[in-house]
Every structure is written in structure tokens, then in C-alpha cells.
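Undergrad: Structure below; questions to follow.
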Amino acid sequence: MYISEFSHPRGQFQQERFISTVANQLRLQGYCVVPKGLPELLAEPLYAQLQKENAENFKPAGIGRKSDKVLNEAVRGDSIQWIDNVTSAGAEWLRWMEELKIALNRELLLGLFSFESHFACYAPGAFYKKHLDAFPGDANRVLSVVVYLNADWQQEDGGELLLYDPQSDHAIETVSPDFGTMVFFLSEEFPHEVCVAQKKRYSIAGWYRLNSSMNGLIDPPR
Ligand code: OGA
Ligand code: MN
């Protein structure tokens, strides 16, 4: 028992509570907002990595597979860097998200297969217009995850995530991008947008995907 206690970025009890909160809310309403959802033992090294990179190696984010710079900038202004296993912070994060995938598949039978995620940096003035992360029928991105890494974020700093009701199209949640807050939502169902950030805003955006193997390639990424 003690071993699993210490193998976790936080205690087993807290982790189980976290998993049941996320699973229950996804089951009930298709989304979930968890303040301090990301364990500090993961958040701190991820934040340290971001500070070290200084967002210099980040690339302007694209929309879909085609790159049209002008169109892109009218829709989203963030710069991104995909997260891999090369850094220990990245590896720990991916390992934790893999564990979460197994737990969510057990609880919700979503058939999640793989996970991809990137750091995103919104410079002052940047935004991401209302969009869906996946289109119904694509059978690709199933569950979106966003995590915030901004210490001391104030209301006047803007940069809120607005989550819209799939039916009425009214905003149902306004999420301040506070350090450690996690948001989960079904990718095909919930339109969302990032309001203009007044100062540098850091997030991680990730997606659990179905196994969409094509032409003998097992689940080709993005
Ligand atoms: C995205 C996205 C939300 C956020 O990258 O697709 O919607 O709050 N990000 O950063
Ligand atoms: Mn999105």
C-alpha cells in the first residue's frame, strides 16, 4: 500500500478523489473544471521548464493541417511547443495523463487510446476565437484537457476560457487561467474560446484521441 502512495505525484486518496470528480462530472455534464487539479509535484517542474524555454522555441500555432498565416492570426494568436518525454517534467506529465486515461476508460468506457499535448503561450493581446477541437464524425479527438500555469493571475489580466453550452450556445463557464486549474470537456461538443490576454498567459492544451489507424499507420499523430 505504501508503495503506491509514494509512486504518485500526490497521495493515492487525493488522486482517487480527483479521478471520481472528473469522471462523475464528465458523465453528468460533459465537462469539468478543477481548481488545483494539477498536482504541484507536476506543476512546478512544468512551470520551470516553461521559464527556461522562455517561449523562444515556440512556433505560431496553426489551425487544422493547412497553414495559412493570415487566417491563423485572425483566429488564434498563441505560440506552441509539443510536449514529449525528453524532459523529466514532460515525461512525468505524460505518465500521469496516461494513468488518468486508464482510469477514465475504466470509469466512462470512452475508449481513449492516445494523448498529445502542447504548451501554449499567449502574448499580451493574443486570443483564440470560439472553436471546437474536433468535428463530429472525425472520431479523433475525444476529450480535451487544458491546464493553466499562471501564478497571481488577476481578473483584469483577462485571458479567460469561455465554455459554451452545446445546445443554447450560451457561455456556461468562465474560467480564470489560474495556476494548476484543469479543465476537461468533450472535444466534439463544447465550443470554447480564449478571451484576449492582457499579459503573457501560459497553458497546456491536450487531447485524448481514439485509435484512428489509417493505411497501416497506427494512430498517426495530429
Ligand atoms: C486550444 C484551446 C484553451 C486555453 O488550444 O485548443 O482551446 O484556455 N486552449 O488555452
Ligand atoms: Mn480548443
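Undergrad: Rounded to two decimal places and with Rh computed the Kirkwood way over Cα pairs, what is Rg over Rh for the chain?
TA: Values: Rg = 16.9 Å, Rh = 18.0 Å.
With Rg and the Kirkwood Rh in hand, the quotient comes to 0.94.
Undergrad: Just by accessible area at a 1.4 angstrom probe, what is the order of Thr87, Thr181 from largest to smallest?
TA: Values: Thr87 45, Thr181 10 Å².
Most to least solvent-accessible, the answer reads Thr87, Thr181.
Undergrad: Please give the length that would be gained between Arg10 and Ile172 if that part of the chain were fully extended, namely 0.36 nm times their separation in residues minus their C-alpha to C-alpha distance (nm, one decimal).
TA: Details: separation 162, 0.36 × 162 = 58.32 nm, distance 3.03 nm.
Length gained between Arg10 and Ile172: 55.3 nm.
Undergrad: What percent does the relative contact order of the chain come to when contacts are Cα pairs within less than 8 Å and at least six residues apart?
TA: On the way: 421 pairs, mean separation 55.0, N = 222.
In percent, rounded to a whole number, it is 25.
Undergrad: Please report the net charge: other residues with Cβ closer than 10 Å to the Cβ of Pro166, K and R +1, D and E -1. It would help to have the intermediate numbers written out before the result.
TA: Details: positive: none; negative: Asp165, Asp169, Glu188, Glu189.
Here the count lands on -4.
Undergrad: May I pose another question? What net charge do the residues around Ala103 carry, taking every other residue with its C-beta under 15 Å from that of Ala103, with Lys and Arg at +1 and Asp and Glu at -1? Show your work: numbers first, answer last.
TA: On the way: positive: Arg10, Arg17, Arg27, Arg95, Lys101, Arg106; negative: Glu16, Glu98, Glu99, Glu107.
Spelling it out: positives minus negatives among the neighbours equals +2.
Undergrad: Could you tell me which trypsin sites (Lys or Arg not before Pro) in the stretch 14-116 are loop residues by DSSP with no more than 15 other beta carbons within 10 angstrom of their beta carbon?
TA: Answer by residue number: Lys36, Arg65, Lys66.
Undergrad: Also, quick follow-up: Tell me what the chain gives for mean residue ellipticity at 222 nm when only DSSP H runs of n ≥ 4 count, each as -39,500 (n - 2.57), the sum divided by the residue total, rounded to 500 deg cm²/dmol. Walk me through the numbers before you get to the answer.
TA: Numbers: 5 runs with 66 residues, N = 222.
It lands at -9500 deg cm²/dmol.
Undergrad: What is the sum of charges around Thr87, taking Lys and Arg as +1, Asp and Glu as -1, for the other residues whose C-beta is under 11 Å from the C-beta of Thr87? Don't skip to the end; give the middle numbers.
TA: On the way: positive: Lys52; negative: Glu53, Asp84, Glu92.
Once positives and negatives cancel, what remains is -2.
The values are calculated or read from the model by the stated rules, or taken from the named source; none is laboratory data. Just so it is clear, the structure is predicted and the values come from calculations on it, not from any experiment. We place every Cβ from the backbone using ideal geometry, glycine too, and count neighbours over all the protein chains shown. Quick note on the areas: whole protein, heavy atoms, side chains included, nothing else; ligands and nucleic acids left out. Shrake-Rupley method; radii C 1.70, N 1.55, O 1.52, S 1.80 Å.
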